[in-house]
Amino acid sequence: METLERPAILVVDDTPLNVILLTRILEKEYTIRTARSGEEALNSAFASPPDLILLDIMMPDMDGFEVCLRLKEDPSTTHVPVIFITAKNEIKDEERGFALGAADFIHKPVSPPLVVARVRSHLKIKFMQESLLFENSFLHKDVQQQSLELEELRKFFLSIQKP
């Protein structure tokens, strides 16, 4: 997470008007970073993973599917939710996107309340998952520590019981 107060969202679209629109919809609640190509998006995401990515599918040179695939293959970005923003509305495109690890799809033209709701929902899910992973990690370490302490106590009692 880029800042404690404002989650970071990377908006990726080769059409400047779409980038401006999505930025205006979200900038009150989130830190917005933008990229106009797949390569620029990957460089930005790998340099500093955002909390969520809004990704256009149809871009020149590298489409959103390829960007998503590369993001999901990299350990530093594999857990970043990707929401495709697209004019494509065929089931096969959605199936492909979900198979690559996309979290959701929003179809163009976008509805601002829908964008806000989906972003909030996926960020909430992401932060809850991270919290659970942290708690599980903490509990695992606690159990390991208690197991070591119990083993030490067992050894101590065995040593004092010997004649």
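Taken as a whole, the condition of being part of a helix (DSSP H, G or I), within 20 Å of Asn18 (Cα to Cα) and in contact (Cβ under 8 Å) with a residue 40 or more places away in the chain applies to Val115.
Looking only at residues that are of a type in the set (Val, Ile, Thr) and in contact with a Pro (Cβ under 9 Å, 6 or more places away or on another chain) in region 67-118, which one is farthest from Glu5 (Cα to Cα)? If we take residues in region 67-118 being of a type in the set (Val, Ile, Thr) and in contact with a Pro (Cβ under 9 Å, 6 or more places away or on another chain), then Thr77 is farthest from Glu5 (Cα to Cα). Of the helices (runs of 4 or more DSSP H) lying entirely inside region 1-98, the ones with 1 or more residues being over 24 Å from Pro109 (Cα atoms) and either more than 14 Å from the chain's Cα centre (by Cα) or without any contact (Cβ under 8 Å) to a residue 60 or more places away in the chain (or both) are found at 38-47, 64-73. Evaluated against (1) touching a Phe, Trp or Tyr at 6+ places or on another chain (Cβ under 7 Å); (2) acidic (Asp, Glu); (3) modelled with pLDDT under 95, Asp142 falls short on exactly one condition, (1). Scan region 88-102 for residues that are out of contact with any strand residue (DSSP E or B) (no Cβ under 7 Å at 6 or more places or on another chain) and loosely packed, with under 15 Cβ neighbours inside 10 Å and the total you get is 6.
The values are calculated or read from the model by the stated rules, or taken from the named source; none is laboratory data. Fair warning: this is a prediction, and the values are worked out from it, not measured in the lab. All Cβ positions, glycine included, derive from the backbone under ideal geometry; neighbour counts span all protein chains shown.
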